[in-house]
Amino acid sequence: MMKTGTAILLAVLVIGCTTSVKVMRYTTQTYAPTASSAVEICRTKLEGRPYTEIGEISFQIERRNEETAVAMLREKAAELGADALILMGERSTAALVMPIGDMALAVPSREIYGVAIKYK
């Protein structure tokens with residue numbers, strides 16, 4: 001029983017330690033940072049308002065910290081000088097498999113991602 005508890009704790013710690021926000025820039029153009037409170041959060045692509053896509057921002061999440069993840073994406077978008085962040089959704093990135101005796105525990109890894117944009 002002690003090995004099972006240790007393995008689960010290790011899995012939680014490993015997943016909990018991967019909390020960096022990743023950025024994949026689409027352009028070499030740089031912009032002055034904006035206030036994070038000014039960054040709009042959009043759930044769909046914007047129609048009728050021209051913009052430039054700065055890049056994709058992603059953050060590893062767990063169900064219980066989804067609001068925190070969106071706040072971290074917004075903060076990174078502000079650092080990039082974005083006016084808005086279009087949330088694209090969630091995607092599976094991997095699974096951590098921990099052997100526990102004759103069984104194995106698979107802990108899925110997911111991330112939330114969006115596209116930071118600058119209005120023209």
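Since every read-out is calculated from the coordinates, none of them should be taken as a lab result. For clarity, every value in this text was computed on a predicted model and none was experimentally measured. All Cβ positions, even for glycine, are placed from backbone atoms using ideal geometry, and neighbour counts span all protein chains on display.
Pull up the cross-link candidates among the aspartates and glutamates for Lys45, meaning alpha carbon to alpha carbon under 12 Å and not fewer than 8 places away within one chain.
Glu53
Once label points are set 7 Å from the Cα along Cα→Cβ at both Val21 and Glu75, what is their separation, rounded to one decimal in nm?
Here the answer is 0.7 nm between the modelled labels.
May I ask for the net charge around Ser20, where only other residues with Cβ less than 12 Å from the Cβ of Ser20 are counted and Lys, Arg are +1 while Asp, Glu are -1? Write out the running numbers ahead of the final one.
Details: positive: Lys22, Lys76; negative: Glu111.
Net of charged neighbours comes to +1.
Taking K and R as +1 and D and E as -1, what net charge do the other residues with C-beta under 11 Å from the C-beta of Pro33 add up to?
Details: positive: Lys76; negative: Glu75, Glu79.
Net charge around Pro33: -1.
Residue by residue through region 38-49, which ³J(HN,Hα) values in whole Hz follow from phi under the Karplus form 6.51 cos²θ - 1.76 cosθ + 1.60 (θ = phi - 60°), with glycine and proline marked x?
8, 6, 6, 9, 10, 9, 9, 5, 8, 9, x, 10
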